[in-house]
Structure formats: C-alpha cells, structure tokens
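The values are calculated or read from the model by the stated rules, or taken from the named source; none is laboratory data. Computed from a prediction, not measured in an experiment: that's the story for all the values here. Cβ placement follows ideal geometry from the backbone for every residue including glycine, while neighbour counts extend to all protein chains displayed.
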Amino acid sequence: MKRRRFKIIVLVLIILLLVSFTMYLCWGTYKISPLDSIKTLLGHGTKLQNAAILNLRLPRMLVGISVGIALSTSGALLQTITKNELADPGIIGINAGAAVAAVIFVSLKTSNYYSVLGALSIYVLPLMAIIGAGICATLIYFLSSRNGVKPKRLLLIGLGLNAGLNAFITFFTFRGGVSDYNRVLIWTSGSLWGAGWNYAKIIIPLVALVFILVLLNYKKLDVLNLSDEHAISLGLNLNKERKKFLSFAVILAGGATAFAGNVGFIGLISPHIARKLVGPYHKNFLVISAVVSVVIILFADAVSRNLFSPIEIPVGITISIFGVPYFIYLMMKEN
C-alpha cells in the first residue's frame, strides 16, 4: 500500500514538474506554444524564439531550480539538526546574513574591482554570501547551544537576529541613497530578475555537488532524527555531524541568496510538505522536498514575472503571500 502511494506521489510530482517547465518557458510577453518551445530547445527555433527561451527563460529557470533545491535542502537539514519543523534559513537569519554580506559587497565594489578580476569577479559574490551566512549560522549555533541545542531557543534567537539584520539592510539602503535602493531590494525581497547563463554556470555545479553529498549521508541524517541518546548509542558523533550538516546548509543557503536574494519560506514549506507525503526518512524525503520546492518556485516566478507585466514582482513576495499563513499554522500547531 505504501509503495503504491509513493508511486502515485512521484507520478503526480513529475506531472507538476512538466507543467511548471512548460508554463515557465511558454508564458511571457512573447508567448510561445509548447511545441515551438520543444523545437527551440532542439535547435530549430526562430531568432526571436531562441532569444526568448535560450537566452532569457531557460537560464533563469535553471537558476530558479537550483535556488529551490538549495533552499529546500538547507531547510530540511536545519529542521533535522534542530529537530524543529519551524527551522528555515530565511526565518532564522541565515539568508539575511548572506544578504547583508552580498549587499555590502555590491554597494562597496568599484569598477576597478571588476576590471582587475575580470571573469573571476562573478565568483566572489557567492563566496561573500556564503561567508555572511556562515558567520550568522555560527552566531546562532553558539548562542543557542549552551547546555545543548534547544530548538525553541534557536528559533527565537534566529528570529531576533533575522529582524536585526533586515533592519541593518534597510538602514544601509537609506544611508547609501536612492541609487542603491533597487540593487538592495533584490536581496531583501528575493528575485530571479537578471539571472542568466553566467549565474547558472556557477550555482548549478555548486548546488548539485552539495546536494549529492547530503544524499550520500542520508543514513546519518536518519540517525540525527532520533533522540540524542539513541544517536550516541549507535555511534554517531553528534557535534561533528551537526557542524558538518550545518556547513552544508550554510553553503546552500548562501549560494542561493547570492543569486536570488532573500527568498523566504521555501526552506520551511517544501520539507514540511515532503514529510507529510513520504515520511521522515531522508533518502526519499530530500528528493521529494527538492521537487516540491522546484514546482513552487517556478510557478511563483512565472506568476511574478507575467501577472502584472510589464511590472515584475519579486518572487520572494509571491512565495511569502502563501508562506506566511503556512508559518502561522505551524506555529499554532507547535504550541
């Protein structure tokens, strides 16, 4: 019975994936039929179709897929480490830490910097975001780990730090003047605007590598889900494994934030939905969570990009419209 249910879930998710891919590539100011989209991907499109799909929509879709997988996996890892379904890189301040580092970097950089580093300059932004996320995660972990990590304490510290970091970003924006506002808005709201092949070629291998490393450790994650006493009795070094998985979560959240800004709630919603669908065992749970997040972010970005065209709404705002009520529901359930 369970096996049959799992197959049905996988089939439904595959259909939703295909629908979201088709919708994303076809829907826009310049509408393209599904058949013409396939022809374009196979190299038989017109110049206009090639420009719309191959140069604009496809790289943005690939970046969106990578961001969705990164944030859902980061959220799943944090929830396992803390044994708290409310943990999420966007809520507890890790994304905000990455955003602060990215905003400071973008605001302070000069044209000389880009001319000196040339092609290497694009690699520095994700690195800065990962460093910012790492500092924030270390601070949260340190403050919440006195006498053992307390999930509620970690959540409250994270919420406070998140509020403080977002306040700093707002202050930094006003201090920098109106000219910096649009650049800073990308990180505070979360947006895939401007995501091209230069972004895709960095985030895809980064996310793919870390996601594979996480999947290879699914058994250790299953053990971490047990009580600390059981995990220790099975021979797991809790501090070492928590730090390792926290570092994976930081790299994923930092990399995603570098290119898409502070997209909230994906890391909260997707793992929770996946856990309801296939249970807590990480071998299936992580993959289903990633697929759910991809469907959510592609649908949300397609709506954000086209519903009020030519005005584009940041995808983070669209996701938050649905994410905030879901977060309130989880908070009420927790208590």
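Out of ALA260, ALA253, ALA231, ALA300, report the one residue that is of a type in the set (A, V, I, L, M, F, W, C), farther than 22 Å from LEU330 by Cβ and modelled with pLDDT of 85 or more. Spell out how you get there, then give the answer.
Details: ALA253 fails: farther than 22 Å from LEU330 by Cβ; ALA231 fails: modelled with pLDDT of 85 or more; ALA300 fails: farther than 22 Å from LEU330 by Cβ.
None of the other options fit; the residue is ALA260.
Within region 82-94, the only residue that satisfies the criterion of being modelled with pLDDT under 85 and in a helix (DSSP H, G or I) is THR82. Of the candidates LEU58, LEU62, LEU16, the single residue that is touching a residue at least 12 places away in the same chain (Cβ under 8 Å), assigned to a helix (DSSP H, G or I) and more than 30 Å from GLY132 (Cβ to Cβ) is LEU16. Return yes or no: is GLY190 on the phi > 0 side of the Ramachandran plot and modelled with pLDDT of 70 or more? So GLY190 passes the test. Can you find a residue in region 24-37 that is of a type in the set (Val, Ile, Thr) and assigned to a helix (DSSP H, G or I)? Checking region 24-37: not a single residue is of a type in the set (Val, Ile, Thr) and assigned to a helix (DSSP H, G or I). Picking from residues in region 309-321 that are in contact with a helix residue (DSSP H, G or I) (Cβ under 8 Å, 6 or more places away or on another chain), in contact (Cβ under 8 Å) with a residue 24 or more places away in the chain and within 18 Å of GLY68 (Cα to Cα), the one that is surrounded by the fewest Cβ atoms within 10 Å (Cβ to Cβ) is ILE317.
The one condition from (1) among the hydroxyl-bearing types (Ser, Thr, Tyr); (2) out of contact with any Gly (no Cβ under 9 Å at 6 or more places or on another chain); (3) under 23 Å from ILE204 (Cα atoms) that SER72 does not meet is (2). Kindly provide the set of residues from region 221-263 that are in a loop (DSSP other than H, G, I, E, B) and of a type in the set (A, V, I, L, M, F, W, C), ordered by number. Passing the criteria: LEU226, LEU234, LEU236, VAL263. As a summary of the residue check, LEU54 satisfies the conditions (1) surrounded by fewer than 18 Cβ atoms within 10 Å (Cβ to Cβ); (2) of a type in the set (A, V, I, L, M, F, W, C); (3) out of contact with any Gly (no Cβ under 9 Å at 6 or more places or on another chain) except for the one numbered (3).
Determine whether region 286-296 contains at least one residue that is more than 14 Å from the chain's Cα centre (by Cα), surrounded by fewer than 21 Cβ atoms within 10 Å (Cβ to Cβ) and modelled with pLDDT of 90 or more.
yes
Looking for something without any contact (Cβ under 8 Å) to a residue 12 or more places away in the chain and not charged (D, E, K, R) - is there at least one such residue anywhere in region 263-281? There is at least one residue in region 263-281 that is without any contact (Cβ under 8 Å) to a residue 12 or more places away in the chain and not charged (D, E, K, R). Of all the residues in region 278-335, those that are within 23 Å of LYS7 (Cα to Cα) and either in contact with a Pro (Cβ under 7 Å, 6 or more places away or on another chain) or not in a helix (DSSP H, G or I) (or both) number 4. Scanning region 19-48 for residues being within 22 Å of the chain's Cα centre (by Cα) and free of Cβ contacts under 8 Å to residues at least 24 places away in the same chain gives a total of 2. Within region 202-222, is there a residue that is more than 14 Å from ILE81 (Cα to Cα), touching a residue at least 40 places away in the same chain (Cβ under 8 Å) and touching a Lys or Arg at 6+ places or on another chain (Cβ under 9 Å)? Scanning region 202-222, I find at least one residue that is more than 14 Å from ILE81 (Cα to Cα), touching a residue at least 40 places away in the same chain (Cβ under 8 Å) and touching a Lys or Arg at 6+ places or on another chain (Cβ under 9 Å), so the answer is yes. Farther than 19 Å from MET61 by Cα and of a type in the set (Val, Ile, Thr): does that describe ILE266? So ILE266 does not fit the description; no. None of GLY118, GLY68, GLY97, GLY132 is out of contact with any His (no Cβ under 9 Å at 6 or more places or on another chain), at pLDDT 90 or above and among the small types (Gly, Ala, Ser) except GLY68. For region 191-220, taking the residues that are among the hydroxyl-bearing types (Ser, Thr, Tyr) and assigned to a helix (DSSP H, G or I), the one that is farthest from the chain's Cα centre (by Cα) is identified as TYR218. Close contacts from region 70-96, counting a first residue that is at positive phi and charged (D, E, K, R) and a second that is surrounded by fewer than 24 Cβ atoms within 10 Å (Cβ to Cβ) and in a helix (DSSP H, G or I), with Cβ to Cβ under 8 Å and a gap of 6+ residues or different chains, come to LYS83/PRO151.
In region 141-152, the residues that are assigned to a helix (DSSP H, G or I) and surrounded by 15 or more Cβ atoms within 10 Å (Cβ to Cβ) form Cβ pairs under 8 Å with partners that are of a type outside the set (Gly, Ala, Ser) and modelled with pLDDT under 70, at six or more places apart or across chains, as follows: TYR141/VAL149; SER144/LYS150.
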